[in-house]
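In what follows, a single structure is set out as structure tokens and then discussed.
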Amino acid sequence: MKYLTPGPVHLPEAVIQATARQPHFHRTEEFKKVLRDVVDKLSKVAYGTPIIAPGTGTFAVDMMVYNYVNPNENVVVPVYGEFGERLAESIESRGANVYKIRWSIGDVPPPDEVEDLCRKIRNVKAIAVVHNETSTGVTNRYIEKMQSIADSVGAVLLIDSVSALPAEPIRSKVDVIATASQKAFLAIPGAAILFISREPRSNYPIPPSMNLHKYLKMLPRSETPYTPPVNVIYGLSASLDHILSIGVERYHEMHRERAEILYRDIKLEPVPKKHYIRSYTVTAFHTDKSKEIISELRRYGYVIAGGMGEIRDRSIRIGVMGDITADDLNKVVEVVNRVVDR
Ligand SMILES: Cc1ncc(COP(=O)(O)O)c(C=O)c1O
């Protein structure tokens with residue numbers, strides 16, 4: 001089976017080989033060297049200090065929220081799909097006051113809307129944004145603009161880039177990014193990754209497993225406070241070598257080209273309403289035949305995903321991350337169109 005999914009994605013063989021080994025004891029010099037090397041490589045794909053913790057994307061998002069948001073603070077969250085709802089849920093669980101800007105499925109609110117709400121509410125301490133809304137295949141390409149809005153209202157910017165980085169880069173410094181190993185980073189699930197460009201600001205208690213101060217204290221020694229996801233880190237080392245050998249810009253272009261094949265050739269309406277916000281990591285299309293398409297593709301050896309949230313049974317999602325080829329994409333197009341034409 002080949003996985004054209006929103007993640008975990010189809011891994012390069014070298015990553016699987018690197019992962020499948022006896023783990024080091026994490027306090028040894030051998031492992032510290034591996035961790036140092038992976039942190040150095042992560043520094044080449046995004047701005048900020050990289051932090052690796054055991055967990056998936058949800059943990060990375062919670063860790064970001066708990067370290068940067070205090071109970072009772074005002075937080076603005078644009079919501080345009082399931083992962084925006086989950087981001088808001090995480091912030092609510094911290095006891096903060098969440099102000100959602102709900103936007104229609106397949107679109108993102110223009111930055112002006114976010115700025116207006118921040119000015120109306122006043123005393124906004126954080127703006128939290130999903131970079132790539134995996135449930136609808138929509139990318140928010142206003143991240144840099146969001147940072148200037150956050151700066152102008154004195155808020156911290158929190159980005160969930162779980163299904164975007166490093167295939168969809170963030171080209172300038174943003175306060176905090178949360179992501180994970182199993183999507184465009186091309187490794188197995190298990191590493192929650194943060195890129196931080198701003199000191200953690202929460203002054204309320206934080207569970208030790210997600211307390212960034214503990215991680216930052218150990219980082220200069222290339223250690224983590226608790227056992228890190230050792231084998232995921234071996235895989236990440238190999239996948240980052242692969243990504244860096246391609247180059248971050250080319251890696252982005254490569255995903256754009258892959259996604260364009262699907263947007264151009266599949267005879268279904270993309271969920272994103274505008275070209276500018278079409279995701280280059282996870283494509284999404286409206287269809288009433290999602291079940292038939294998914295099972296027909298399985299017969300040809302391809303796994304794709306159904307819809308989520310409001311359009312759960314009325315859409316499909318096809319990921320273009322991972323070790324896939326143009327031939328795979330063309331085959332997927334052919335099979336999807338055959339079911340559509342039936
Ligand atoms: C945008 C986004 N945020 C958060 C998550 C949650 O990540 P995980 O399922 O790895 O916990 C996902 C997972 O698909 C995601 O796509």
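The values are calculated or read from the model by the stated rules, or taken from the named source; none is laboratory data. This one's a predicted model, so the numbers in the text were calculated from it and none came from an experiment. Neighbour counts are summed over all protein chains in view; Cβ atoms, including those assigned to glycine, are modelled from backbone coordinates with ideal geometry.
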Legend entry - Qualifying residues in the range 78-106 (those that are in contact with a Phe, Trp or Tyr (Cβ under 9 Å, 6 or more places away or on another chain), more than 13 Å from the ligand (Cβ to nearest atom) and hydrophobic (A, V, I, L, M, F, W, C)) - the one nearest to V65 (Cα to Cα): I101
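Would you call D107 surrounded by fewer than 22 Cβ atoms within 10 Å (Cβ to Cβ), charged (D, E, K, R), closer than 24 Å to A284 by Cα and assigned by TED's automatic domain parsing to the domain that holds M218?
Details: surrounded by fewer than 22 Cβ atoms within 10 Å (Cβ to Cβ): yes; charged (D, E, K, R): yes; closer than 24 Å to A284 by Cα: yes; assigned by TED's automatic domain parsing to the domain that holds M218: yes.
For D107, the condition - surrounded by fewer than 22 Cβ atoms within 10 Å (Cβ to Cβ), charged (D, E, K, R), closer than 24 Å to A284 by Cα and assigned by TED's automatic domain parsing to the domain that holds M218 - is met.
Do we find a residue being buried (at least 22 other Cβ atoms within 10 Å of the Cβ), free of Cβ contacts under 8 Å to residues at least 60 places away in the same chain and among the aromatic types (F, W, Y) anywhere in the range 138-145? Walk me through how you get there before you give the answer.
If we filter the range 138-145 for residues that are buried (at least 22 other Cβ atoms within 10 Å of the Cβ), which is where we start, we get 138-140, 143.
Right, trim to free of Cβ contacts under 8 Å to residues at least 60 places away in the same chain and you get 143.
Cutting the leftovers down to among the aromatic types (F, W, Y) gives us none.
No; the residues of the range 138-145 include none that is buried (at least 22 other Cβ atoms within 10 Å of the Cβ), free of Cβ contacts under 8 Å to residues at least 60 places away in the same chain and among the aromatic types (F, W, Y).
Return yes when L268 is part of a helix (DSSP H, G or I) and assigned by TED's automatic domain parsing to the domain that holds N337 and no when it is not.
On the way: part of a helix (DSSP H, G or I): no; assigned by TED's automatic domain parsing to the domain that holds N337: yes.
Considered against the rule, which asks whether it is part of a helix (DSSP H, G or I) and assigned by TED's automatic domain parsing to the domain that holds N337, L268 comes out as no.
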Inset, instruction - Answer yes or no: is there a residue in the range 305-318 that is touching a strand residue (DSSP E or B) at 6+ places or on another chain (Cβ under 8 Å), within 16 Å of G81 (Cβ to Cβ) and without any contact (Cβ under 8 Å) to a residue 12 or more places away in the chain. - result: yes
Legend entry - Top-ranked residue in the range 282-292 [being under 23 Å from S163 (Cα atoms) and away from the ligand (no atom under 14 Å from the Cβ); ranked as surrounded by the most Cβ atoms within 10 Å (Cβ to Cβ)]: F285
Legend entry - Test set (1) crowded, with 16+ Cβ neighbours inside 10 Å; (2) at positive phi - G247 fails condition number: (1)
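Restricted to the range 163-188, and to residues that are part of a loop (DSSP other than H, G, I, E, B) and closer than 25 Å to K217 by Cα, which residue is nearest to the ligand (Cβ to nearest atom)? Please lay out each step first, then the result.
Looking only at the range 163-188, we keep the residues that are part of a loop (DSSP other than H, G, I, E, B), and these are 163-175, 181-188.
Add one more test, that the residue is closer than 25 Å to K217 by Cα, and what stays is 173-175, 181.
Working: K173: 21, V174: 15, D175: 17, S181: 9 Å.
Among those that are part of a loop (DSSP other than H, G, I, E, B) and closer than 25 Å to K217 by Cα, it is S181.
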Inset, instruction - Could you tell me whether the range 21-36 includes any residue that is within 21 Å of the chain's Cα centre (by Cα) and away from the ligand (no atom under 16 Å from the Cβ)? - result: no
